[in-house]
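Visitor: Pasting a structure below so you can have a look.
The values are calculated or read from the model by the stated rules, or taken from the named source; none is laboratory data. Fair warning: this is a prediction, and the values are worked out from it, not measured in the lab. For neighbour counting, all protein chains shown are included, and Cβ atoms are generated from backbone atoms with ideal geometry for every residue, glycine included.
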């Protein structure tokens, strides 16, 4: 990781005192890591991370973690996590491999999205940096692997990856070589609704309106029809008219 | 980066040519690279929950839900040179460098007496108790180190290689700052990061027989006896630290 030193003022504050829970958060924010990645950086489980975060002003119990965090903050050159490339960094090498490859891919501009296990539309989003969502963890790692693969193994390595992606797609009932494949999510085949089947839709947000006239009275026990009603989809049925209470089963 | 040969497909049942990547392959990959769960989750970019889902006996034979993870596993199996986790050094690799630089420098812990840089201080500088280095460096039965210590070794090695003796002095000063706020003193008889040796001077080499049971009397011990009442096992992180797996 190529990092510069954190803010000098914040660093000065750390020099004369022992590290505390809040300093781990500072390390995470400075490195821009997720909690899981920061835990890997420090070699501790996520549970331990939350333990320290709940005690921001207490000393870090494990002196090893405190020494490590301090060393990482003051010596950015000693960081050891790999730097995952962005899509923009990998894209030129991908395009070159694609041009030289004997395995054609439909809509090659967006096929990279499928090759890293996501949908076609995500490539443009990642390249332009638009959208709220960050690149998922597995995809960032796959981009690094793709970069190494292209660098070390060239076009044969790339073709092997395309072949494998096609195999994985076929195992999921998809065809990578079809322009119709836009995503790895397989949609269910279209099935027309039976004539008498209930309409599908969102379940009601709240229950049916309560009859104010029946307040204070004992509610009707649910009939089999109304018992299953909440699990059904579609518009709620009208409540059946009030019936006399059923005979007591204990009699 | 680790230089691991291609996994033996027959041994590990990694017949990935004929089937999609399944949950069991994550376990095989873990076994092959000798990684912890923490390492595997970082390697594949998975949360702990997702790891448990994929490796659950119920789902172990199913293709992975995320095709990115499936392709990642395949690439790591097929092309081991794409393995990107850092290779952390062992204590055996770092200790000679530390020892050489320790001879050249006499770090002052603040404005006090110099710290004696021996094997015991090596353990303390890595956040562990004084007997740890002897166990790590044992030629016959070297004990495994915790993930935090392996990372500390990486950083310490980089620092010593880049800055030499001044780098070691800086490290000692940092450790002294951490120790002082815990009420400890690196220059004194600090036995671990939780206690000082409270024995009167001149009795540091003796062992208290009263503390030992007949069963443990015959067993060799690397830990000097201490009057401290805590019964923390050697080389253990804080009492509540779950970070105690090897």
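Visitor: So is residue A:51 within 28 Å of residue B:177 (Cα to Cα), touching a helix residue (DSSP H, G or I) at 6+ places or on another chain (Cβ under 6 Å) and within 12 Å of another protein chain (Cβ to nearest Cβ) or not?
Guide: Details: within 28 Å of residue B:177 (Cα to Cα): yes; touching a helix residue (DSSP H, G or I) at 6+ places or on another chain (Cβ under 6 Å): no; within 12 Å of another protein chain (Cβ to nearest Cβ): yes.
No: the conditions fail for residue A:51.
Visitor: Criterion first (within 14 Å of chain A (Cβ to nearest Cβ), closer than 22 Å to residue A:159 by Cβ and at pLDDT below 95) does residue B:35 satisfy it?
Guide: It is false that residue B:35 is within 14 Å of chain A (Cβ to nearest Cβ), closer than 22 Å to residue A:159 by Cβ and at pLDDT below 95.
Visitor: Anything in the stretch A:54-71 that is at the interface with chain B (Cβ under 7 Å from one of its Cβ atoms), closer than 17 Å to residue A:29 by Cα and out of contact with any strand residue (DSSP E or B) (no Cβ under 8 Å at 6 or more places or on another chain)? List them, or say none.
Guide: Of all residues in the stretch A:54-71, those at the interface with chain B (Cβ under 7 Å from one of its Cβ atoms) come to A:59, A:61-68, A:70-71.
Narrowing further to those that are closer than 17 Å to residue A:29 by Cα: A:65-66, A:68, A:70-71.
If the condition is that a residue be at the interface with chain B (Cβ under 7 Å from one of its Cβ atoms), closer than 17 Å to residue A:29 by Cα and out of contact with any strand residue (DSSP E or B) (no Cβ under 8 Å at 6 or more places or on another chain), then A:65, A:68, A:70, A:71 are the ones that fit.
Visitor: Then there's this: Looking at the stretch B:136-155, which of its residues are farther than 22 Å from residue A:45 by Cα and surrounded by 20 or more Cβ atoms within 10 Å (Cβ to Cβ)?
Guide: The first filter runs over the stretch B:136-155 and keeps only residues farther than 22 Å from residue A:45 by Cα, leaving B:136-142.
Result: B:136, single match.
Visitor: What's the number of the condition residue A:29 fails, among (1) modelled with pLDDT of 95 or more; (2) more than 14 Å from chain B (Cβ to nearest Cβ)?
Guide: Residue A:29 satisfies every listed condition except (1).
Visitor: Let me ask something else about it. Among the residues of the stretch B:40-80, count how many are within 10 Å of chain A (Cβ to nearest Cβ) and in contact (Cβ under 8 Å) with a residue 60 or more places away in the chain.
Guide: Residues flagged as within 10 Å of chain A (Cβ to nearest Cβ) and in contact (Cβ under 8 Å) with a residue 60 or more places away in the chain within the stretch B:40-80 amount to 1.
To keep it simple, each residue is scored yes or no on (1) within 7 Å of chain B (Cβ to nearest Cβ); (2) touching a residue at least 40 places away in the same chain (Cβ under 8 Å); (3) more than 16 Å from residue A:82 (Cβ to Cβ); (4) assigned to a helix (DSSP H, G or I).
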residue	(1), (2), (3), (4)
A:109	no, no, yes, yes
A:119	no, yes, yes, no
A:122	no, no, yes, yes
A:130	no, no, yes, no
A:135	no, yes, no, no
A:141	yes, yes, no, yes
A:146	no, yes, no, yes
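Visitor: If I filter the stretch B:181-192 down to residues being over 21 Å from the mean Cα position of the chain (by Cα), surrounded by 16 or more Cβ atoms within 10 Å (Cβ to Cβ) and facing chain A (nearest Cβ under 10 Å), which single residue comes out as nearest to residue B:121 (Cα to Cα)?
Guide: My answer is B:184.
Visitor: Checking the conditions here, which among A:156, A:179 is in contact (Cβ under 8 Å) with a residue 60 or more places away in the chain, exposed (fewer than 15 other Cβ atoms within 10 Å of the Cβ) and either more than 7 Å from chain B (Cβ to nearest Cβ) or within 20 Å of residue B:44 (Cα to Cα) (or both)?
Guide: Details: A:156 fails: in contact (Cβ under 8 Å) with a residue 60 or more places away in the chain.
The match here is A:179.
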